[in-house]
Amino acid sequence: MKTVLITGGTGLVGTSLSATLLTKGYKVIILSRSLNNRPAHTNLSYAFWDIKTQKIHADEILQADCIVHLAGAAVVANKWTKAYKNEIVDSRIQSSKLIINLLKNNINKVKTVISASAIGWYGTNKEAAIPFIETDEADDSFLGTTCKSWEASIDAITNLGIRLVKLRIGIVLSNNGGALAKFKKTIKLGAATILGNGKQVISWIHINDLCRMIIYTLENESNSGVYNAVAPYPVSNKKLTITLAKAMNGKFYIPMYLPAYVLKILMGQRSIELLKSSTVSCKKIMDAGFKFNYENIGQAFTNLIKK
């Protein structure tokens, strides 16, 4: 039975991943600043760390065979002030630093690190018919440079002889929060809100497929390097919104456009990410043998909305 250490284990992805790992018989250790009132489970434990002070309790952590590194401040949830932008970057880079120092300075048995990144690495497709692939350069936007620094911050893991996989994660669709909760909000009131002109392409992934992909790369030692964690069929914002509205309300919804200039007023710089059209390829992970359960948006919403 392998032991998996998860950073960011109480977030959207981490919560689902830990539950999936437990059902598969893994032991799970979640790093947290607060160890009080945590759910009890035979194979689940919590260990202390504090990114800002670079403190970590090593004893339990050094039992891990694998690390899944998901830690990082939420990107779109808060206004992009200078201070919050710094928090977005520092939470990722400093958490990587803490993990690397722990492994460098202590005897351990970690063989694999799976580290999150994001498709914010990419900008807008210059040619819509040509999707981004893993070898494309990082965009020079805030998120592009953040992702570049984020990925670079964990690269030293390979110097320790540890296999490293980096997953550039797309928009995660889950019933437990994230983007889907925001999409649902106005649809529940009967309005299918389309952002801008609705033509911008969204590269998404079902939460179950993302957790399965993480475990797949963890279990298959031939996987290393960067993989895009997105479903095979990206969709436009309009198609995503209308498909979701139909799944939730049948015919009882009204399409409504939220103009780009209004979105920019409401969201500031964050609106760039909501209006950006980014078609991202998952061919590399599929060529590595991974099979999606939810390839298209209709399948994803049929599963999510029935729950």
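The values are calculated or read from the model by the stated rules, or taken from the named source; none is laboratory data. Bear in mind the structure is a predicted one, so any value in this text is a computation, not a measurement. Backbone-built Cβ (ideal geometry, glycine too); neighbour counts: all protein chains shown.
Within segment 2-59, restricting attention to residues that are hydrophobic (A, V, I, L, M, F, W, C) and in a loop (DSSP other than H, G, I, E, B), which residue is modelled with the highest pLDDT? Checking each candidate, the answer is Ile51. Checked against (1) outside any strand (DSSP E or B); (2) among the hydrophobic types (A, V, I, L, M, F, W, C); (3) surrounded by 17 or more Cβ atoms within 10 Å (Cβ to Cβ), Ile67 meets all criteria but (1). Kindly indicate the residue of segment 248-303 that is closer than 30 Å to Phe142 by Cβ and among the small types (Gly, Ala, Ser) and also surrounded by the most Cβ atoms within 10 Å (Cβ to Cβ) among those meeting that condition. Across segment 248-303, the extreme among qualifying residues is Ala300. Restricting Val68, Val76, Val89 to those that are under 30 Å from Lys27 (Cβ atoms) and hydrophobic (A, V, I, L, M, F, W, C) reduces the list to Val68.
Within segment 262-297, the set of residues being in a helix (DSSP H, G or I), modelled with pLDDT under 95 and not aliphatic (A, V, I, L, M) comprises Lys264, Gly268, Gln269, Arg270, Ser271, Glu273. Looking across segment 202-227, the residues that are in a strand (DSSP E or B) and either in contact with a strand residue (DSSP E or B) (Cβ under 6 Å, 6 or more places away or on another chain) or among the aromatic types (Phe, Trp, Tyr) (or both) come down to Ile202, Trp204, Ile205, His206, Val226, Tyr227. Which of the residues belonging to segment 72-107 are more than 20 Å from the chain's Cα centre (by Cα), of a type in the set (S, T, N, Q) and part of a loop (DSSP other than H, G, I, E, B)? If the condition is that a residue be more than 20 Å from the chain's Cα centre (by Cα), of a type in the set (S, T, N, Q) and part of a loop (DSSP other than H, G, I, E, B), then Thr81, Asn106 are the ones that fit. Scanning segment 228-262 for residues that are of a type in the set (D, E, K, R) and either without any contact (Cβ under 8 Å) to a residue 24 or more places away in the chain or touching a strand residue (DSSP E or B) at 6+ places or on another chain (Cβ under 7 Å) (or both) returns Lys238, Lys246, Lys251.
Scanning segment 91-127 for residues that are crowded, with 16+ Cβ neighbours inside 10 Å, among the charged types (D, E, K, R) and without any contact (Cβ under 8 Å) to a residue 60 or more places away in the chain yields a total of 1. Sub-6 Å Cβ pairs linking a first residue in segment 49-62 that is aromatic (Phe, Trp, Tyr) to a second residue that is in a strand (DSSP E or B), at least 6 apart or interchain, are Trp49/Leu31; Trp49/Ile56, ordered by first then second residue. Considering only residues of segment 140-163 that are within 18 Å of the chain's Cα centre (by Cα) and surrounded by 20 or more Cβ atoms within 10 Å (Cβ to Cβ), which is nearest to Arg270 (Cα to Cα)? Among those that are within 18 Å of the chain's Cα centre (by Cα) and surrounded by 20 or more Cβ atoms within 10 Å (Cβ to Cβ), it is Leu143.
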